[in-house]
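Working notes, structure below.
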Amino acid sequence: MGTDYAAYSFWLETCGDDLTPRPALAGTVDADVAILGAGYTGLWTAYYLLEREPAMKVVILERRIAGFGEDSQVLDAQ
């Protein structure tokens with residue numbers, strides 16, 4: 001049985017995704033920038049890199065699901 005990610009945060013509960021972690025990366029991926037972690041810092045970094053240079057190849061690698069980490073839990077508590 002998997003983790004009930006929606007129980008951690010209002011945001012995850014209401015995001016409309018089934019919150020199933022995606023499969024592990026198979027093989028290799030070519031990228032200009034690889035970002036480790038899909039928390040707010042990683043996602044905003046990718047956003048602004050692509051806003052500045054839309055042709056840039058950006059890859060975000062996340063161990064669980066995007067937005068799961070401490071950021072989502074802290075913001076939910078406020």
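Values as computed for the structure displayed
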| quantity | calculated |
| --- | --- |
| Helices (runs of 4 or more DSSP H) completely within the chain that count 1 or more residues being at pLDDT 75 or above | 40-52 |
| Residue ID - nearest to THR14 (Cα to Cα), chosen from residues in the range 29-69 that are of a type in the set (Asp, Glu) and exposed (fewer than 14 other Cβ atoms within 10 Å of the Cβ) | GLU51 |
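The values are calculated or read from the model by the stated rules, or taken from the named source; none is laboratory data. Bear in mind that the values here come from a model prediction, so they are computed numbers and not experimental data. No Cβ is skipped: glycine too gets one built from the backbone with ideal geometry, and neighbour counts run over all protein chains shown.
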